């Protein structure tokens, strides 16, 4: 699913225009490469202008981190030791995309000539720029919100791979009157993990009460990801449970749980 980050600039304003994206990235928000030292790789970002007028787009690089609070943070480039931001090169920092047209922006990933292992990652931001609109006759300035797409660029080395995962804090959370079991997952290895989280609950007769499977999420080395397991349809009571993080290629990490859902939820 494409994730759109909205950046709103407030300039001594009395009103803000409605946000409407006029560009979209059509070839995915995550680009992965199997890499080797001292080699170059080429990728492209395909952008479509959905509007009936030209759109101005700028590109810049940043780093990305996830934390146990469920936050995704875009941080200054080179902020962690597995950043590949400095490996990424492209020719133009901005461009105009004609109305209702599609363009491809080519970039290269130039891997340094040194011994490395595991996964390295960075982000290319694609941001649509809107000019400040002073045409409205009402007092004040109309400020438009810019739309940014974060393209994750990932380089994976195949040597000395260590896939390891630890379960952190397990708790409960209520969102919009719906309750969730929250599970923090730490990637303690050196390579990108893509766990599919599965929770199976059993009653005291050993019968299956509920099986819940979450969509795969990426967890970068040294990062923590917060998973939220919806408890809709789970009856009140005490259960034993098995929690499994299936990271593929027989990399499966399990945990036994004793859970008490006796109290009314929601």
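The values are calculated or read from the model by the stated rules, or taken from the named source; none is laboratory data. Predicted model only: the values in this text are computed from it and were never measured. All Cβ positions, even for glycine, are placed from backbone atoms using ideal geometry, and neighbour counts span all protein chains on display.
Name the residue, out of 89, 71, that is surrounded by fewer than 19 Cβ atoms within 10 Å (Cβ to Cβ), out of contact with any strand residue (DSSP E or B) (no Cβ under 6 Å at 6 or more places or on another chain) and either at pLDDT 95 or above or not assigned by TED's automatic domain parsing to the domain that holds residue 220 (or both).
71
Against the definition (surrounded by fewer than 18 Cβ atoms within 10 Å (Cβ to Cβ), assigned by TED's automatic domain parsing to the domain that holds residue 195 and assigned to a loop (DSSP other than H, G, I, E, B)), how does residue 211 come out, yes or no?
Against the criterion (surrounded by fewer than 18 Cβ atoms within 10 Å (Cβ to Cβ), assigned by TED's automatic domain parsing to the domain that holds residue 195 and assigned to a loop (DSSP other than H, G, I, E, B)), residue 211 does not qualify.
Being surrounded by fewer than 18 Cβ atoms within 10 Å (Cβ to Cβ), modelled with pLDDT of 95 or more and in a strand (DSSP E or B) is the requirement here; does residue 151 meet it?
Taking the combined requirement at face value, the residue does not satisfy it.
Quick one: is residue 183 closer than 23 Å to residue 63 by Cβ, touching a residue at least 24 places away in the same chain (Cβ under 8 Å) and crowded, with 16+ Cβ neighbours inside 10 Å?
No, not satisfied.
Do we find that residue 259 is part of a strand (DSSP E or B), more than 20 Å from residue 162 (Cα to Cα) and modelled with pLDDT under 95 in this structure?
So residue 259 fits the description; yes.
Filter region 166-202 down to the residues that are farther than 13 Å from residue 227 by Cβ, at pLDDT 95 or above and not in a strand (DSSP E or B) and list them by number.
Hits for region 166-202 are 188, 189, 190, 191, 192.
List, please: which pairs have Cβ atoms under 8 Å, are six or more places apart or on different chains, and start with a residue in region 65-76 that is under 12 Å from residue 227 (Cα atoms) and end with one that is at pLDDT 90 or above and exposed (fewer than 12 other Cβ atoms within 10 Å of the Cβ)?
That search, which allows pairs on different chains as well, returns 68/169.
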